[in-house]
Amino acid sequence: MAARLPPALNLAVLCSYVEFDGNQRPFSLNEPQYAIGVLPDEHGRLSAPELTLYVQLDDEHALGTFWFLIEARTASGFVIPGGRTARTEITFTGNPDPMVPFEHAFDLRDLVFPEPGWYHFHVVCNHTSLNERSAFPASRLRVVPAERSARG
């Protein structure tokens, strides 16, 4: 039986949305995100707009079926409530073309940040953060409260 080998993380970019080409491959990353300003609710929580985490994996030697999800963590490493995406199961058989990495866009919906600050988005494969095993740190997002306009 062949050993299971997970893919390695090449790149993760947080953006507003991803456009796909005619073959349903990611084509364009739109509005890369560094910081967002959102209006706090009556409890001070900050509801984020829909975001996408574009992920590129090196699957040249990857073998086996793995599940992936994204975790939104505080700067101190705690996963925020509702900060995990649904699991996505992906099977790798080894990629014969190292020029073409595996690409996936994870939609991040209904995120509510408990307070202003820095948040980190980890690519998790079978309970292990690929960011912690790679040279690429987790994608970061600064969340700040937006000002209400004088017009209401």
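The values are calculated or read from the model by the stated rules, or taken from the named source; none is laboratory data. This structure is a prediction, so every number in the text was calculated from the model and none was measured. When we count neighbours, we look across all protein chains shown, and the Cβ atoms used for this are built from the backbone with ideal geometry, even at glycine.
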Task: Pick from region 120-142, criterion among the polar types (S, T, N, Q) and in contact with a Leu (Cβ under 7 Å, 6 or more places away or on another chain), ranking: surrounded by the most Cβ atoms within 10 Å (Cβ to Cβ) - done: Ser139
- [ ] Mind counting the residues in region 84-114 that are without any contact (Cβ under 8 Å) to a residue 12 or more places away in the chain and among the charged types (D, E, K, R)?
- [x] 1
Open item on the list: Of everything in region 42-64, what is touching a residue at least 60 places away in the same chain (Cβ under 8 Å) and loosely packed, with under 13 Cβ neighbours inside 10 Å? Give them in sequence order.
Closed with: Gly44, Ser47
Task: From the options Phe136, Phe113, Phe121, residue that is at pLDDT 90 or above and closer than 23 Å to Arg25 by Cβ - done: Phe121
Open item on the list: Tell me the residue from Phe68, Phe78, Phe106 that is out of contact with any Leu (no Cβ under 6 Å at 6 or more places or on another chain), within 22 Å of Ala135 (Cβ to Cβ) and modelled with pLDDT of 95 or more, please.
Closed with: Phe68
Task: Residues of region 21-40 that turn out to be surrounded by 10 or more Cβ atoms within 10 Å (Cβ to Cβ) and free of Cβ contacts under 8 Å to residues at least 60 places away in the same chain, as a count - done: 6
